1. Need the failing condition index for residue B:77 against (1) acidic (Asp, Glu); (2) outside any loop (DSSP other than H, G, I, E, B); (3) under 19 Å from residue B:132 (Cβ atoms); (4) more than 7 Å from every other protein chain (Cβ to nearest Cβ), just the number.
2. How many residues are assigned to a loop (DSSP other than H, G, I, E, B) and away from chain B (no Cβ under 13 Å) if we restrict to the stretch A:283-301?
3. Given the conditions (1) within 12 Å of another protein chain (Cβ to nearest Cβ); (2) crowded, with 17+ Cβ neighbours inside 10 Å, report the number of the one that residue A:386 does not fulfil.
4. Please find, within the stretch B:279-301, the residue that is surrounded by the fewest Cβ atoms within 10 Å (Cβ to Cβ) out of those that are touching a Leu at 6+ places or on another chain (Cβ under 7 Å) and of a type in the set (S, T, N, Q).
5. Surrounded by fewer than 21 Cβ atoms within 10 Å (Cβ to Cβ) and either part of a helix (DSSP H, G or I) or within 10 Å of chain A (Cβ to nearest Cβ) (or both): is that true of residue B:36 in this structure?
2 protein chains.
Amino acid sequence: MKFNESLLAEGALYTDFYQLTMAQVYFQLGIHEKTSQFDYFFRSYPDYGLHQAGYCINAGMEWLLDWISEANFLSPEIDYLRTLKNHEGNPLFSNEFLGWLMDKSVATGLSIQAIPEGRVVHPNIPLAVVQGPLLFAQLIESSLLNHLNYQTLIATKAARIQESSLGQAILEFGLRRAQDRAATAGARAAIIGGAVGTSNTGASAILGYKPSGTHAHSLVQAIVAMGGSELDAFRAYAKSYPDDCTLLVDTYDTLESGVPNAIRVFEELKAKGHKPAGIRLDSGDLAYLSIQAARKLNDAGFEDVRIVLSNQIDELVIWQILTQIKEEASRYGVDPDHLIKRLAYGVGTRMITSSVDPALDGVYKLVAIKENGGWTPAIKISENPEKTLNPGHKHIWRLYDDRDKAIADVMSTDDENLCAMDEIHLHHPTDQTKHRILFCKELSRIEPLLEDIMKDGKVMCDLPSLEMIREKRQEDMQYLYPGVKRIMNPHHYHVSLTEKLWSLKQDLVKEYSDGIKDD
Amino acid sequence: MKFNESLLAEGALYTDFYQLTMAQVYFQLGIHEKTSQFDYFFRSYPDYGLHQAGYCINAGMEWLLDWISEANFLSPEIDYLRTLKNHEGNPLFSNEFLGWLMDKSVATGLSIQAIPEGRVVHPNIPLAVVQGPLLFAQLIESSLLNHLNYQTLIATKAARIQESSLGQAILEFGLRRAQDRAATAGARAAIIGGAVGTSNTGASAILGYKPSGTHAHSLVQAIVAMGGSELDAFRAYAKSYPDDCTLLVDTYDTLESGVPNAIRVFEELKAKGHKPAGIRLDSGDLAYLSIQAARKLNDAGFEDVRIVLSNQIDELVIWQILTQIKEEASRYGVDPDHLIKRLAYGVGTRMITSSVDPALDGVYKLVAIKENGGWTPAIKISENPEKTLNPGHKHIWRLYDDRDKAIADVMSTDDENLCAMDEIHLHHPTDQTKHRILFCKELSRIEPLLEDIMKDGKVMCDLPSLEMIREKRQEDMQYLYPGVKRIMNPHHYHVSLTEKLWSLKQDLVKEYSDGIKDD
């Protein structure tokens, strides 16, 4: 795809076609400007097969806002829509409709409230609430889901990997295995989730992070093919980067060739007053090899050079590596804690694609329409009770217990103020038998989660920097009980409806079900 | 990300940083213009957990060529690289290097041979061979892998889904769950693999396909919230699209409300001389509901309207649905074959992300360097024998048996011509014990697979249209034995090395291993 093609493909037309066919129906019914509300939420945490998440990290809003702000129906878009024909060969879209749409931004009239990027979030809680003219609030659905689902998915995976590393550096290395240009958004999301940088140079350039990376096997292979040796290749690299010299030691034989050659080059650097940076291991038994490499490096007096591990790393692999190091390192005279503190991880495929759960199941649902000045709740009833919507315009709250740990996210109707209550009656979102009462005096804090982001098509706040988003994540992670953060079998965080919202939902379900029977 | 940011992030800087650090080393050694060869190949078919692929569909080259043709080191790129500092705070890249790089295209001097898009391909066989100056042939690695891995992954998944549908239409519905803008490339790859269209409007616009899509639940919800009914919503949709009327029937109760209302609207359309198009089912037991919906539609005289199924569809789900229809339909007076022929499938998440194997393990490896006019093979030896490279400049052949079915893909050295041989001695790529002899008189055809695509930085052929690529896929699929195409436990297709190439590889491994010991 050429760049000018991406301008057409990924502007206002970056939407499922039914958004446009529905738009014309709304226009022809004269309801296209009715004020409507859509909620964005996901239904379940990512599940990676052998392990699963107990929380998510919210991400993607800034880039969604960029898209909304730049997506307009100009001549190229309208001209394309004009070419489309129905089964009879007549234009699918009327001149009146296309004339009305011409020169309009998809942001027309939209207001957005959202939970800020970097915050810990949970299923069924609206992470973004869009209000505005039915036509445009509907039209942005596909792009909103596309932007928010992916970055939240990857920020979540990165946070898990970062947690498993016990605070060591995680580097995002996924460009080559990313799904097309998701590489760029994925690098951003990984940094939000906890990576300290990325090998993706272009993403680094726009995110303001220093790109990371040293050399590949091909550097060694090329010099060997021209008659040189691995040692020659290492020396050439060290000459170009004497103060940033991390050497990849597994092109031929890690312990017999790579590590000894690296040590020779490090000695030469040291003699010239430079500080060697590290080695990288990219194959084999990474725990065993890192212990043996550490031993050789220590013996040579290089106890501080970093050991970077890469090759199919994820949170479970890091957990296994650390377990093995704790069990085996002492046997070889290597202090396991010292070794663990010098490790860093280059994480590629499994972070940037969130394997093996490569999609967040986020949805965007119509929940209310403004009629005569008030919100009329809209509902969709599913044969699967988990999928029946939580209707209407709502408030979202987070409750903290007396140890200042987050214990529940709560949805209420918009006329409820939890901060003013003595006790809060909570219902499980779908299971009728589960309800409980919380006494507010036993809570340390009640925090409203939604913030105003866009008003009438204009971004209305200074968006936080990437660094501020990262700090927000770190802060929110501190508020979680360790059981919720656990890599496998995490504790179940509570998501609830207030009594009043629960009753509204039951009434609507009953009303509509009775309606069908009466029909 | 704003559009002008994507210009910087996804142009020449769309690369892993080590490509640039290595580039400077090559420049400083004066070997940056040495002619080199890199092979692109994948090591294993996608494995989806319960099932696995027995072939892949090659895709992505045209869009890679677009990137290569447009990626240049101009002021924005060079200015960014100039800002980067080493650990001592000095510039990481020298003025000499950046001055040399300035105004150069990444395509400088590159030639590419490749297996054409749409063709069936197999592990370890080079799908693309890049020759050119070491610096640029190396530099494009990350973007090449990013483009080719993803589209090949998705075209493969789509081909499997298309096969499982027994020839019924597959529609690509994945924009909302795609990994960021992989949505656009994914739509293209899905069409190459067998989808007949996509709901992605922007992708349709640039690919020249008619976008597909009707309406969402929200159309019904919105009209109900304003005091109308599901029937009103269907009538409004039918009024706007009388000749293209496909109705989503599961917003409230599929069989009690959705299907009867659709039938009423279809009767009204028919009375006005229109032909109703179809219904869509998006939840519940899709096989059961399609049987019951078909029964009602048949009773009302609408035996030809299409039934579109969506919701977490993949090749295994289609297989299960068809099995259930074959077992149960007759019991309800519905002819299973007739029902199967009226089905179409809207396939979202599981095709566009290739869940649950969301990355093809394609790699790009230095295999030879031109020295004194001839190719010197380059090798990387891995502790895992599958990962030891097949060295040198090679030819790639496909052999067809006397029934004109493809039976093996073969790599040879570049001075071998399989067409001129009486017998071909073949080796398994890694297992020393497996070799066999094929007699050419028993073969119907020997086909060289690589074609010239780019010469000295210029695309040198008319690239095939998407329709021609689709035809190539259909043709190649006919040449596969059914066992290779099987959804689960497919037959193992043979990939082999000629005796001569095998011997070269063994010699190189021995030579390097001896070298280490002598050191």
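The values are calculated or read from the model by the stated rules, or taken from the named source; none is laboratory data. As the structure is a computational prediction, the values presented were derived from the model and not from experiment. Using ideal geometry, Cβ is built from the backbone for each residue, glycine included, and neighbour counts are taken over all protein chains shown.
1. (3)
2. Restricting attention to the stretch A:283-301, the residues satisfying the condition of being assigned to a loop (DSSP other than H, G, I, E, B) are A:283-285, A:300-301.
Narrowing further to those that are away from chain B (no Cβ under 13 Å): A:300-301.
Final tally of qualifying residues: 2.
3. (2)
4. B:292
5. No.
Quick grid of which residues meet (1) closer than 19 Å to residue B:484 by Cβ; (2) out of contact with any Ser or Thr (no Cβ under 6 Å at 6 or more places or on another chain); (3) in contact (Cβ under 8 Å) with a residue 60 or more places away in the chain:
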| position | (1), (2), (3) |
| --- | --- |
| B:379 | no, yes, yes |
| B:382 | no, no, no |
| B:388 | no, no, yes |
| B:391 | no, yes, yes |
| B:417 | no, yes, no |
| B:428 | yes, yes, yes |
| B:438 | yes, yes, no |
| B:451 | no, yes, yes |
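Yes or no, residue by residue, for (1) touching an Asp or Glu at 6+ places or on another chain (Cβ under 8 Å); (2) closer than 24 Å to residue B:195 by Cα:
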| residue | (1), (2) |
| --- | --- |
| B:449 | yes, no |
| B:452 | no, no |
| B:457 | no, no |
| B:464 | yes, yes |
| B:477 | yes, yes |
| B:484 | no, yes |
| B:490 | no, yes |
| B:496 | yes, no |
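For every residue, the table says whether it meets (1) facing chain A (nearest Cβ under 8 Å); (2) on the phi < 0 side of the Ramachandran plot; (3) assigned to a loop (DSSP other than H, G, I, E, B); (4) in contact (Cβ under 8 Å) with a residue 40 or more places away in the chain.
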site	(1), (2), (3), (4)
B:13	yes, yes, yes, yes
B:26	yes, yes, no, yes
B:41	no, yes, no, yes
B:44	no, yes, yes, yes
B:63	yes, yes, no, yes
B:66	yes, yes, no, no
B:99	no, yes, no, no
B:108	no, yes, yes, yes
B:112	no, yes, no, yes
